[in-house]
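The values are calculated or read from the model by the stated rules, or taken from the named source; none is laboratory data. What you see is a predicted model, and the numbers here were worked out from it, not measured in a lab. Positions of Cβ are backbone-derived with ideal geometry, glycine not excepted, and every protein chain shown enters the neighbour counts. With ligands, DNA and RNA removed, areas are computed over all heavy atoms of the protein, side chains included. Shrake-Rupley method; radii C 1.70, N 1.55, O 1.52, S 1.80 Å.
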Amino acid sequence: MACRAAIAALLLALLGCGEVAPIGRRPQSDQFLTSERLGILAAPGSSRAALQAQWGEPMVATADGRAVAYQAQSTADRTILTLAVVVPFWHRAPVTYFQVRGIWFDDAGKVVQTKLWEGHDGPYGGNPYASYSLPTQPHVLRWLQDNGPEPRR
């Protein structure tokens, strides 16, 4: 019985190994928008041309042109908590925070939906398509396809 308890405790301890998310908030930057601010800058009914004049070329666009994404990034040194079995220790490392602004259009090229995707390139960073990395163009394209407006019925 005691042997089983020791084995269970050892397994639980080993499951606790690894890096935990960086400690600290995303850097304050004018590059990052709130959902409300994005909704104002890319208000429903705004034209694709107006957004492109404001923000330039998007990072990625879907093949049909119905969705585009812009990405902002900022890097800061952050403390990262790491667990070695059950012993915590910390180290400093640069962490790059990202924000992807997704914008979806109707057939006339007018905004119908906006959404933000935020995260960082550290552990548990918010990129479901590849851990420990920033979203690449294929990741953002897939995110646009996964998060677009529901088809009309």
Which numbered condition trips up ASP77, out of (1) outside any loop (DSSP other than H, G, I, E, B); (2) surrounded by 15 or more Cβ atoms within 10 Å (Cβ to Cβ); (3) in contact with a Pro (Cβ under 6 Å, 6 or more places away or on another chain)?
-> (2)
Within the stretch 80-94, is there a residue that is of a type outside the set (Val, Ile, Thr) and either crowded, with 16+ Cβ neighbours inside 10 Å or at positive phi (or both)?
-> no
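Could you list all residues from the stretch 107-121 that are open to solvent by less than 40 Å² (accessible area, probe 1.4 Å) and either touching a Pro at 6+ places or on another chain (Cβ under 6 Å) or not aromatic (Phe, Trp, Tyr) (or both)?
First, the residues of the stretch 107-121 that are open to solvent by less than 40 Å² (accessible area, probe 1.4 Å): 109, 111, 116-117, 119-120.
Correct list: GLY109, VAL111, LEU116, GLY119, HIS120.
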Which of (1) modelled with pLDDT under 90; (2) of a type outside the set (A, V, I, L, M, F, W, C); (3) over 17 Å from THR75 (Cβ atoms); (4) open to solvent by 80 Å² or more (accessible area, probe 1.4 Å) does GLY18 not meet, given it meets every other one?
-> (4)
